[in-house]
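Encoded as structure tokens, the structure appears first; notes follow it.
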Amino acid sequence: MCGRFSLDRKPEALKARFKAKLNLDENDTPLYNIAPSLKAACITNKTEPQISLMDWGLGSKGMDGKSRTLINARSESINEKWPFKQLLKNRCLVIASGYIEWKTIGKMKIPHLHVLEDGDLFVMAGLFEENPDTDSQRFTLLTMDANAQTSVIHDRMPVILNKEEELLWLNDMDSSSDFLKNSKILNSKPLKIYPISPRINGSFKNDPALLERTAYTVVEQLQIF
């Protein structure tokens, strides 16, 4: 799964990278510590390319009438499982500069930041739902089996698309599972992975210091708890 990610750029940098209209205020980003239920910068396939803020986590009630917050969807089964199969035509790109995953050692979880080796922005494939009553949108991130590099931290990773596939994900309305299976998903491009402060485990502050590489080794971090 993916339970936290970051976007360390100002809105104008997003506009330059994605050549899209900005629906953001000057101070809407950077977002260093994006957690479930918080807002993230996304591009949907429902309008001309534009970057807007959306809430992370599908928020409608489930078939049993209970509230749900689904932050991840397994890409292998979105064509079959409710509620994702109802949203296959509601595709979005979720913009990020890095994502955070935790390495479990015993009962401890050590946060690790995953960024592209070249430091570029990337996008994660998502699905979204709309609430016509509030004119709001919520998204979920698609995940896949971890590649050889990321599997040392966790057995799942977000679906990260190559640049040439970003618009294809938005515009190709063929089977989502076929697209994901046949695409050149960015599971071979080198990532830089390093431990960050365990303070992020309990923090929801928009604080860039939470993403700094820790001076401690994983073993030393365990001694902090």
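Could you tell me whether any residue of region 118-130 is small (Gly, Ala, Ser), modelled with pLDDT of 90 or more and either under 23 Å from Gly57 (Cα atoms) or surrounded by 15 or more Cβ atoms within 10 Å (Cβ to Cβ) (or both)? Yes, that holds for at least one residue.
For region 28-70, which residues satisfy the criterion of being in a loop (DSSP other than H, G, I, E, B), at pLDDT 95 or above and of a type in the set (S, T, N, Q)? Result: Thr29, single match. Looking across Leu93, Leu141, Leu121, one residue alone is touching a residue at least 12 places away in the same chain (Cβ under 8 Å) and either more than 18 Å from Leu38 (Cβ to Cβ) or of a type in the set (D, E, K, R) (or both). It is Leu121.
Exactly one residue out of Met108, Met54 is touching a Cys at 6+ places or on another chain (Cβ under 9 Å) and aliphatic (A, V, I, L, M), and it is Met54.
Among residues belonging to region 116-162 that are in contact with a Pro (Cβ under 6 Å, 6 or more places away or on another chain) and of a type outside the set (Ser, Thr, Tyr), point out the one that is farthest from Glu101 (Cα to Cα). For region 116-162, the residue satisfying everything is Glu117.
The values are calculated or read from the model by the stated rules, or taken from the named source; none is laboratory data. Just so we're clear, the structure is a prediction, and the values are computed from it rather than from any experiment. Counting neighbours? That spans all protein chains shown, and the Cβs are built from the backbone with ideal geometry, glycine included.
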